[in-house]
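These notes concern the structure reproduced below.
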Amino acid sequence: MRIIWVTLRTTFTVAIVCCLIYNIAVWAVAQSAAPDKADGSLIENAEGQVVGSRLIGQNFTDPGYFHGRVSSIDYDANGSGTPNYAPSNPELLKRTQESVTSWQAENPGVPVSELPIDLVTNSGSGLDPHISPEAAQAQVPRVSAATGLPAEELERMIEDNTQGRSLGLFGEPAVNVLELNLDVQAAVEAR
């Protein structure tokens, strides 16, 4: 009986420490050190409604919005990841050809030679909310035609939404597509 009692006490103590105290401590540290990130880096529209996260891309298909990267998981944050096809894999070639064909249909005025690679390839997670500034610039003619916004205004929005390298060293400059599209939407609504 003594062994059962010791086992139950140990199990209860470990459960309290690991399941309750540890989680509360991690939550408290995250909330005090980086509350925005701890809460999911949520983005609100002008009305204060949550419309997405800075960390998870969305599938924009309307010609009046900038489009993000290809996502083979449809930006489903329940499970990140993407097929890791080798360059010789026929599925990768097929998916890339479909993306290029879609690009040509949506952007007839922009030659395929000016199509940035990040618009036809997946990110490692399939959730990347960013595109390169070049990928955003390549979409300006389509977005301008669909919204009536001048190309110069859209280019300024791209510049305003371009994030530099982390710590000035790591990564490449990137544009958060959702934040850019919220600026486009605000400019269209203001007209």
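The values are calculated or read from the model by the stated rules, or taken from the named source; none is laboratory data. Model, not experiment: these values are computed from the prediction. Note that each Cβ is placed from the backbone with ideal geometry, even for glycine, and that neighbours are counted across all protein chains shown.
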Review point. Which ones in region 82-103 are farther than 16 Å from residue 118 by Cα, out of contact with any helix residue (DSSP H, G or I) (no Cβ under 9 Å at 6 or more places or on another chain) and not charged (D, E, K, R)?
Key: 88, 89, 90
Point to revise | Single unsatisfied condition, residue 4 versus (1) surrounded by fewer than 10 Cβ atoms within 10 Å (Cβ to Cβ); (2) under 17 Å from the mean Cα position of the chain (by Cα) | key: (2)
**Study point:** Residue list for region 72-105, filter: modelled with pLDDT under 85 and among the aromatic types (Phe, Trp, Tyr)
**Key:** 75, 85
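Confirm whether residue 57 is at pLDDT below 90, under 30 Å from residue 144 (Cα atoms) and surrounded by 11 or more Cβ atoms within 10 Å (Cβ to Cβ).
Details: at pLDDT below 90: yes; under 30 Å from residue 144 (Cα atoms): yes; surrounded by 11 or more Cβ atoms within 10 Å (Cβ to Cβ): yes.
So residue 57 passes the test.
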Revision key, fill the gap. Listed by first then second residue, the pairs whose first member lies in region 153-166 and is without any contact (Cβ under 8 Å) to a residue 60 or more places away in the chain, whose partner is of a type in the set (Val, Ile, Thr) and outside any strand (DSSP E or B), with beta carbons under 6 Å and at least 6 positions apart or on separate chains, are 154/140; 154/143
Review point. Has region 93-105 got any residue that is among the hydrophobic types (A, V, I, L, M, F, W, C), assigned to a helix (DSSP H, G or I) and either within 30 Å of residue 191 (Cβ to Cβ) or in contact with a Leu (Cβ under 6 Å, 6 or more places away or on another chain) (or both)?
Key: yes
Exercise for review: Considering only residues that are modelled with pLDDT of 95 or more and of a type in the set (Asp, Glu), look in region 145-178 and name the one that is nearest to residue 133 (Cα to Cα).
Suggested key: 159
Exercise for review: Scan region 37-55 and report the pairs whose first residue is at positive phi and whose second residue is of a type outside the set (Gly, Ala, Ser) and surrounded by 12 or more Cβ atoms within 10 Å (Cβ to Cβ), with Cβ atoms within less than 6 Å and a gap of 6+ or a chain change.
Suggested key: 41/54; 41/55; 52/43; 52/58; 52/178
Point to revise | Search result, residues across region 160-178 that are under 18 Å from residue 118 (Cα atoms) and either among the β-branched types (Val, Ile, Thr) or not in a strand (DSSP E or B) (or both) | key: 161, 162, 164, 165, 171, 172, 173, 175, 177, 178
Review point. Given 148, 124, 109, which one is surrounded by fewer than 17 Cβ atoms within 10 Å (Cβ to Cβ) and within 19 Å of the chain's Cα centre (by Cα)?
Key: 124
